[in-house]
Structure formats: structure tokens, C-alpha cells
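Since the structure comes first, as C-alpha cells, the remarks are kept for the end.
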Amino acid sequence: MSANYGYWELVVPEAPAKEVAASLPPRPASLAGKRIGLFWNTKPNGDVFLKRIGELLLQQFEDVKLVEFMPGNPDGAAGAPASSLKEAASACDLVILATGD
């Protein structure tokens, strides 16, 4: 009795990395009085991380204002919409992004 297993094709689901030219703005001298965005892309545990970061910021800096952003995309792997990122950037002095896992 011989087995016929046929032909198997191995597919590697990788995409080439995209290179994006970007520059970072200068760091603020202090976070006191700043509006800080906490941006979560809905991946597991990213919200836990951001909540703790927010607590620490409120403890360590005077008059910090936290602004939470959750773009509502349940597929964190897809990334946040550019419009959500622009909204967060324009509404805050700086934004902390958490991906989770």
C-alpha cells in the first residue's frame, strides 16, 4: 500500500518593510502642563499599559492633562487610521502609542 501525499507548496506570508522618512520634534524640557495623548490600537494589554503610564504621569508632573484615543478598529494588526493619528497629534503636545501583546 503506497501513500500519495501529493504536492505541498510552502507560502511565507511576509511583506517587505516600508521605509518612511520621518523626523522627530525636539523633546519638551518638562511635561508639566502638557496635554499628553494615550493612544491605544486595541491590541491586548495595550490599554493596561497606557492606564499605568497615565497614573505615573499624573503622579510625577504638575498639571498634566491626559487625552485618551482609541480609534475603534478591533483589528490592531491593521494599524491605526492615519486620520486618527493626525487627530491625536494635533490635539496634544505629545502622544504615547501602545500596541500591546
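Could you list which residues have their amide H under 5 Å from that of residue 69, counting only those 5 or more apart in sequence or on another chain, with H placed in the peptide plane?
Amide H neighbours of residue 69: 38, 39, 40.
Check the straight Cα-Cα distances from residue 34 and name the aspartates and glutamates below 13 Å, setting aside those fewer than 8 residues away within the same chain.
Of all the aspartates and glutamates, those that pass the test against residue 34 - Cα under 13 Å, at least 8 places apart if same chain - are 62, 63, 93.
Given a Förster radius of 25 Å and the C-beta distance between residue 91 and residue 45 as r, what FRET efficiency does 1/(1 + (r/R0)^6) yield to the nearest 0.05?
After rounding, the FRET efficiency stands at 0.55.
What is the helix-to-structure angle for 82-91, meaning the angle in degrees between its Cα long axis and the longest Cα principal axis of the chain, kept from 0 to 90 and rounded to the nearest 10?
Roughly 10 degrees between the two axes.
If each DSSP helix of 4+ residues adds -39,500 (n - 2.57) and the sum is divided by the residues in the chain, what number results at 222 nm, nearest 500 deg cm²/dmol?
-8000 deg cm²/dmol
Please give the FRET efficiency for residue 53 paired with residue 15, using the beta carbon to beta carbon distance and R0 = 25 Å, rounded to the nearest 0.05.
0.25
Would you mind computing the Rg to Rh ratio of the chain from its alpha-carbon coordinates, Kirkwood style for Rh?
Computed over Cα atoms, the ratio is 1.24.
To the nearest 10 degrees, how steep is helix 46-60 against the longest Cα principal axis of the chain, on a 0 to 90 scale?
Tilt of helix 46-60: around 20 degrees.
Using Cβ contacts closer than 10 Å as the measure, can you line up 53, 36 from fewest to most?
53, 36
Which of 9, 87, 55 has the fewest other C-beta atoms within 10 Å, and how do the rest follow up to the most?
So the residues, fewest neighbours to most, are 9, 55, 87.
Evaluate the charge dipole of the chain about its Cα centre and quote only its size in Debye, nearest 20, assuming +1 on the Cβ of each Lys and Arg and -1 on the Cβ of each Asp and Glu.
The dipole of the chain has a size of about 280 debye.
Contour minus end-to-end for residue 60 and residue 8, with contour as 0.36 nm per residue of separation and end-to-end as the Cα-Cα distance?
12.9 nm
Taking the C-alpha atoms of segment 1-41, how large are the radius of gyration and the largest Cα-Cα span, Dmax, in Å?
According to the Cα coordinates of segment 1-41, Rg and Dmax are 25.5, 78 Å.
Throughout, read-outs are computed from the coordinates displayed, never taken from laboratory work. Quick caveat, the model's predicted, so the values are computed rather than measured. Using ideal geometry, Cβ is built from the backbone for each residue, glycine included, and neighbour counts are taken over all protein chains shown.
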